[in-house]
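Participant: Below are the structure tokens for one structure; questions will follow.
The values are calculated or read from the model by the stated rules, or taken from the named source; none is laboratory data. Fair warning: this is a prediction, and the values are worked out from it, not measured in the lab. All accessible areas refer to the heavy atoms of the entire protein, side chains included, with ligands and DNA or RNA removed. Shrake-Rupley method; radii C 1.70, N 1.55, O 1.52, S 1.80 Å.
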Amino acid sequence: AVVSTQSTGGGVSTLMFALHSSDPHILRETMLAICQLAEEGDEVLTTVLAENGMDDLCRVVGSGHLETVRLVAGLFLDVSFSDTLRGELLKHRKYVPYFERMVGCSDVTVQQLSLQTLEMIALATPDTLTAHNTFLPPLIRNLSVSSDLDVRTISCKLLLYFCEAGEEARNEMVECGIITALTRVAGMPDNIIQNICAHILQLLLRDDRSLLGDSRVVGLAQLIRSAAVDQEAWVICDQILQGK
């Protein structure tokens, strides 16, 4: 290891200072040491996040060194399980772009870890997530371009939170191409994804029934109904197609 992994405040502070290095090897070894210490619990995580800890970790995400970014994404997931520390992750808007980058990363491991982190945040305090509509483009893009089931499933779940947040978010989802993206996944024989797709479509139509004039919307409802392995999804889309 680059520096001592003793679990004292001074040891953690030294590790955090080492994150300012531009050397990929030092960054990787430092993050490994931090992650090892973090296994001891919230006390260490609190020290890691103290002062400018989140800024230092986000700087590492911005470095683009994949192995190290994976470690940071895993650490953020650990933080998200803490009721007392979870709120630090999106406490400041300046951290959001780094999470957006991880959610849209080409590396599946980084994507999965960051999406799980956002899911933990949404489960605890949905407003903390849905206050940031800038997550919509990468989440919607995941449905279209990712071949990983976990990435697609969690992205769908998070999009449902946004859809439930209000008309503004729903309108932005339409502008970002949510209908086309849902069509990419709605035909999958997966009851969770189908159910979420059906509920999102139902909520979108609550605001604007004229969307039924769009052949893509009708086609999406038909796709879900014909491929349904989820009974509720079938019922929702059947009602939509009957104009109810």
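Participant: Would you mind calculating the relative contact order of region 1-100 from Cα pairs under 8 angstrom and at least 6 residues apart, reporting the percent as a whole number?
Facilitator: This gives 25 percent for region 1-100.
Participant: For the chain, what is the accessible area per residue in Å² when the probe is 1.4 Å?
Facilitator: On a per-residue basis, 46 Å².
Participant: Roughly speaking, what is the stretch gain from Glu39 to Gln202, that is 0.36 nm per residue apart minus the C-alpha to C-alpha distance, in nm to one decimal? Before the final figure, lay out the partial values.
Facilitator: Values: separation 163, 0.36 × 163 = 58.68 nm, distance 4.26 nm.
Here the segment from Glu39 to Gln202 would lengthen by 54.4 nm.
Participant: Report the far tail of the P(r) of the chain, meaning the percent of Cα-Cα pairs longer than 22 Å. Intermediate results must be reported in sequence, preceding the final value.
Facilitator: Details: 16440 of 29646 pairs.
It works out to 55 percent of all Cα pairs.
Participant: State, as an integer percentage, the relative contact order of the chain based on alpha-carbon contacts under 8 Å between residues 6 or more apart. Provide the component values of the computation, followed by the final result.
Facilitator: Numbers: 291 pairs, mean separation 27.5, N = 244.
It comes to 11 percent, rounded to a whole number.
Participant: Okay, next question. Answer rounded, prolate or oblate for region 99-184, using the Cα gyration tensor with square roots of eigenvalues a ≥ b ≥ c: rounded when a/c is under 1.5, else prolate when a/b is larger than b/c, else oblate. Show your work: numbers first, answer last.
Facilitator: Values: a/c = 1.81, a/b = 1.13, b/c = 1.60.
Oblate, because a/c is 1.5 or more while a/b does not exceed b/c.
Participant: Further, regarding this structure: Just the ratio, please: alpha-carbon radius of gyration of region 154-244 over 2.2 N^0.38 Å, N its number of residues. Please list the in-between numbers first.
Facilitator: Working: Rg = 11.6 Å, N = 91, 2.2 N^0.38 = 12.2 Å.
Dividing the Cα Rg of region 154-244 by 2.2 N^0.38 Å gives 0.95.
Participant: Another one. Express the carbon and sulfur contribution to the solvent-accessible surface of the chain as a percent, rounded to the nearest whole number, probe 1.4 angstrom. Before the final figure, lay out each step's value.
Facilitator: Details: 5380 of 11170 Å².
Roughly 48 percent, rounded to a whole number.
Participant: Using 0.36 nm per residue of separation minus the Cα-Cα distance, give me the extension gain between Asp148 and Asp214 in nm, one decimal. Walk me through the numbers before you get to the answer.
Facilitator: Details: separation 66, 0.36 × 66 = 23.76 nm, distance 2.90 nm.
Using 0.36 nm per residue and subtracting the Cα-Cα distance, I get 20.9 nm.
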